[in-house]
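Comments concern the structure below.
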Amino acid sequence: MGGAKRIEVNVVKDVVEWFFTGKIERRNKMPYIKKEDRKRLVGCQCILALYPDEGPNTAGELNFTLTMIIHNYLLRKGLNYQNMNEVIGVLECAKQEIYRQVAVPYEDKKKEENGAVSSLDTLPKT
């Protein structure tokens with residue numbers, strides 16, 4: 001089984017596990033999404049999990065996909081300052097979540113493999 005298929009199977013297993021139990025053991029979840037709301041939202045994730053080659057392949061396509069989701073949200077909620085401000089806040093929090101949960105562990109792993117850039121990287125954390 002190729003790498004893409006393995007990822008697809010793991011994502012599908014995670015989605016099914018999350019749908020029926022509200023738990024995913026292999027990774028962190030967003031605990032502030034209620035179980036009943038997760039069932040409604042999981043459909044989007046299932047489509048991408050079942051058809052991984054159909055999702056965004058470039059940064060531009062990812063931007064387009066996220067923009068379409070945001071436009072749909074704003075069209076349903078109403079175009080006003082509060083809703084636009086909420087969207088911008090959500091994007092900022094999503095950015096920070098990706099950095100904290102994905103980028104930092106990756107950078108730490110690479111620093112262990114390749115060494116620190118300088119002695120500044122090895123200063124004690126305060």
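Values for this structure:
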{"item": "The lone exception for residue 44 - which of (1) at pLDDT 85 or above; (2) surrounded by 10 or more Cβ atoms within 10 Å (Cβ to Cβ) it fails", "result": "(1)"}
{"item": "Pairs, first free of Cβ contacts under 8 Å to residues at least 40 places away in the same chain and closer than 17 Å to residue 92 by Cα in segment 64-78, second loosely packed, with under 10 Cβ neighbours inside 10 Å and aliphatic (A, V, I, L, M), C-beta under 7 Å, six or more apart", "result": "none"}
{"item": "Filter result for the condition that a residue is outside any helix (DSSP H, G or I) and outside the structural domain of residue 41 (by TED's automatic domain parsing), over 105, 124", "result": "124"}
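Matching residues to (1) at pLDDT 65 or above; (2) part of a helix (DSSP H, G or I); (3) touching a His at 6+ places or on another chain (Cβ under 6 Å):
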position	(1), (2), (3)
18	no, yes, no
25	no, no, no
33	yes, no, no
40	yes, yes, no
69	yes, yes, no
76	yes, yes, no
79	yes, no, no
86	yes, yes, no
91	yes, yes, no
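The values are calculated or read from the model by the stated rules, or taken from the named source; none is laboratory data. Just so we're clear, the structure is a prediction, and the values are computed from it rather than from any experiment. Neighbour counts are summed over all protein chains in view; Cβ atoms, including those assigned to glycine, are modelled from backbone coordinates with ideal geometry.
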